[in-house]
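Throughout, read-outs are computed from the coordinates displayed, never taken from laboratory work. As the structure is a computational prediction, the values presented were derived from the model and not from experiment. For neighbour counting, all protein chains shown are included, and Cβ atoms are generated from backbone atoms with ideal geometry for every residue, glycine included.
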Amino acid sequence: MARKKKHFAAGCLFWSSLVIVLAIAAIAAREPIEKAFASIFGQKPTVTVTPLSDKAAAESPPSNEKTAPSATVTIPSESTPSTPAGGVSKPAADSRTSSPEAPSEKPKTPEEKPVVRKTILFFTGVDANGKLILKSAIRTIPTSDSPLKDTLLAMIAGPTSQEVNLGLISMIPSTTRLIGVIVRGDVAYIDFSEGFRFNTHGREGLDAQLKQVVYAATEYPTVKKVQILIEGKKVEYLGPEGIRINEPLGRQSFPE
């Protein structure tokens, strides 16, 4: 009986020692096992538990295939613009969508013709006795906000070839420039350049050029007289012959 007890105690001591040795061996071999596992799968074995709804769990078939752990991807909401890894936000795409059919172009309207009006210009002719006389011509010119200025500019430019064939000439010097026109009350203040003062046709030519201007301006019902200005100033006389122009002139200033 004593011998059996002795054998039992020895057996317990053997198995206890064996368990302790195995435990120590397992602890010592833990790190090499983890390194081997990491070299095969790239990371330590982890178990990810993703909760599914009852319906999704019922519909998802069990899979026996081994899959490598997948990275978690966060999908931004529509209101949050995505940011790339470099930290620079990409511009959001234009939310506007083009219509399937491009709008048709507006039909081209016929080109509008400029509005024109008829005006009366005054030039000079020569009668049978060789005397300078005033002659009128009807001209069609574009309409603007300054009809008197347009009339004077057309007259300063001279007669057309057709008007020249009718015997019309201009006594206004070709170097004349129209600087400005202002109407105050019933007087038109017409400002000419210095070239208006020099006429090569003598006193008769000076008288004829003044008639052209005064008659053309007073053709408008609101103008009764014309004050001639040279470079913005009143001058006493026109030309070396001394035609006085320091006061407004009307048609009555040129007796026949």
Practice task
Out of all DSSP beta bridges with both ends in segment 116-253, state the antiparallel percent to the nearest 5.
Solution key: 80
Fill in the blank from the handout: Rh_Kirkwood(segment 116-253) over Cα pairs, Å, one decimal, evaluates to 15.1
Practice task
Starting with the fewest neighbours, write out Glu247, Glu163 ranked by other beta-carbon atoms found within 10 Å of each beta-carbon.
Solution key: Glu247, Glu163
Fill in the blank from the handout: Inter-part gap, Cα centre of segment 169-184 to Cα centre of segment 201-256, in whole angstrom, is 11
Completion exercise
Of the listed links Lys118/Lys149; Lys135/Lys233; Lys211/Lys233; Lys118/Lys225, those spanning more than 18 angstrom between alpha carbons are Lys135/Lys233; Lys211/Lys233; Lys118/Lys225
